[in-house]
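Novice: Got a structure here, written out as structure tokens. Questions coming.
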Amino acid sequence: MEITVQWIRTSWTKQSRGGEAATRRNAAPVGFRVPPTPPSAAHVVRMHEQDGFDPHDSQEDLRKVDIQLRENEGRLRVLPRVQPLFAIPPRPRRPPAVRLVPGQWVRWQLNYRFSSAAGVRDWSYWTDTFNVAYGPVGTEVFLSPPTVLVDERGPLR
């Protein structure tokens with residue numbers, strides 16, 4: 001069965017925590033048209049503060065995407081990995097994996113806050129959005145509301 005994966009990472013620093021920069025960041029899309037992608041690849045979109053949150057897309061080997069995908073008995077089990085484990089916000093209890101039937105798709109969002117090990121650099125932040133569809137889909141599938149939405153974002157302070 002076909003599996004379509006889109007991974008969107010939006011990253012920023014303290015400069016985009018308020019004002020116009022935060023407005024631009026918050027307006028960044030959480031879904032894009034899917035270009036032709038080989039079955040073993042994911043559509044990856046990166047948006048960075050230094051580029052004004054303009055999207056830059058590429059393709060990446062599906063094995064390098066932080067998401068677990070398992071097909072079993074006509075269903076697709078989807079569970080993003082949380083890495084690294086020391087990231088903030090803490091996630092002591094994560095939601096269970098989502099099991100999709102053909103024709104369904106999930107949008108799963110996580111966020112993170114990091115500082116340098118020595119505390120020399122400012123905090124940096126990112127949000128990962130995983131859009132995963134099971135079965136044949138059109139190029140605009142991730143522009144519509146998802147069948148399942150998992151919002152695992154926490155307070156970043």
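The values are calculated or read from the model by the stated rules, or taken from the named source; none is laboratory data. Since this is a predicted model, take the numbers as computed values, not measurements. Heads up, the Cβs are rebuilt from the backbone with ideal geometry, glycines too, and the neighbour counts pull from every protein chain shown.
Novice: Of (1) out of contact with any helix residue (DSSP H, G or I) (no Cβ under 9 Å at 6 or more places or on another chain); (2) farther than 17 Å from Asp128 by Cα; (3) at pLDDT below 90, Pro35 satisfies all except one. Which?
Specialist: (3)
Novice: Just for the range 35-87: of the residues that are in contact with a Ser or Thr (Cβ under 6 Å, 6 or more places away or on another chain) and not acidic (Asp, Glu), which one is surrounded by the fewest Cβ atoms within 10 Å (Cβ to Cβ)?
Specialist: My answer is Gln59.
Novice: Hey, can you tell me all the residues within the range 128-143 that are out of contact with any strand residue (DSSP E or B) (no Cβ under 6 Å at 6 or more places or on another chain) and within 30 Å of Arg17 (Cβ to Cβ)?
Specialist: Result: Leu143, single match.
Novice: Which is at pLDDT below 95, touching a helix residue (DSSP H, G or I) at 6+ places or on another chain (Cβ under 8 Å) and of a type in the set (Phe, Trp, Tyr), of Phe114, Phe53, Phe86?
Specialist: Phe53
Novice: Under 6 Å between Cβ atoms, which residue pairs at least 6 apart in sequence (or on different chains) link something in the range 137-151 that is within 16 Å of Pro80 (Cα to Cα) with a partner that is at pLDDT below 95?
Specialist: Pairs that qualify, where the first residue is within 16 Å of Pro80 (Cα to Cα) and the partner is at pLDDT below 95, are Val150/Pro95.
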